[in-house]
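Below is the structure I would like to discuss, written out as structure tokens.
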Amino acid sequence: MSEDTPTEAEEIFTESQKLKDNTDAVDETKPEDEDDSRKTRDVIFVGTKPIMTYVTATLTQLSTQSFVTIKARGQRITQAVDVSQMIVKRMNTVGYKIKDVRIASDSLLSQDGKTRNVSTIEIDITKE
């Protein structure tokens, strides 16, 4: 394999970056459940920026909202866990806690046409 040929991991990373482009630390309002679309929650997508960027974004949302979801997939799952732990452990006097953690996997189509599974995590943080 030549140096110019990307590996499978690089292809998966490139494909996931294309799908996730421009979503780093973006807050999106989404319906919490289909029955009550008035309820909203904010989502922080963990990407390639420094961890403190996501900690700050999450704390900003928690100052106005009572519920925030931190989402990540692939290699960024560890950073999402780090963000949640920094908020819960270091801000223990404020009373933030992890309400729910969901793990799953997404099927992505790579550039060579193969289907790849990429792990995902969603961590819900609330004020007590």
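If you go through segment 81-92 one residue at a time, do you hit one that is over 17 Å from Thr126 (Cβ atoms), more than 14 Å from the chain's Cα centre (by Cα), part of a helix (DSSP H, G or I) and at pLDDT below 95?
no
Kindly provide the set of residues from segment 81-93 that are of a type in the set (Val, Ile, Thr) and exposed (fewer than 14 other Cβ atoms within 10 Å of the Cβ), ordered by number.
Matches in segment 81-93: Thr93 only.
Here's something else I'd like to know. Hey, Phe45 hits all of (1) more than 20 Å from Thr120 (Cα to Cα); (2) modelled with pLDDT of 95 or more but one; which does it fall short on?
Looking at each condition in turn, Phe45 falls short on (1).
Pairs, please: C-beta under 8 Å, at least 6 apart or cross-chain, first residue in contact (Cβ under 8 Å) with a residue 60 or more places away in the chain and part of a strand (DSSP E or B) and in segment 109-128, second surrounded by 13 or more Cβ atoms within 10 Å (Cβ to Cβ) and small (Gly, Ala, Ser)?
That search, which allows pairs on different chains as well, returns Arg116/Ser110; Val118/Ser16; Val118/Gly74; Ile125/Ser84.
Please list, ordered by first then second residue, the pairs with beta carbon atoms under 6 Å, 6 or more apart or interchain, first in segment 79-95 and farther than 14 Å from Ser63 by Cα, second in a helix (DSSP H, G or I) and of a type in the set (Ser, Thr, Tyr).
Val83/Tyr54
Would you please name the residue that is surrounded by the fewest Cβ atoms within 10 Å (Cβ to Cβ), looking only at residues in segment 53-80 that are more than 13 Å from the chain's Cα centre (by Cα) and β-branched (Val, Ile, Thr)?
Result: Thr64.
The values are calculated or read from the model by the stated rules, or taken from the named source; none is laboratory data. Keep in mind that this is a model prediction, so the values were computed, not measured. Neighbour counts are summed over all protein chains in view; Cβ atoms, including those assigned to glycine, are modelled from backbone coordinates with ideal geometry.
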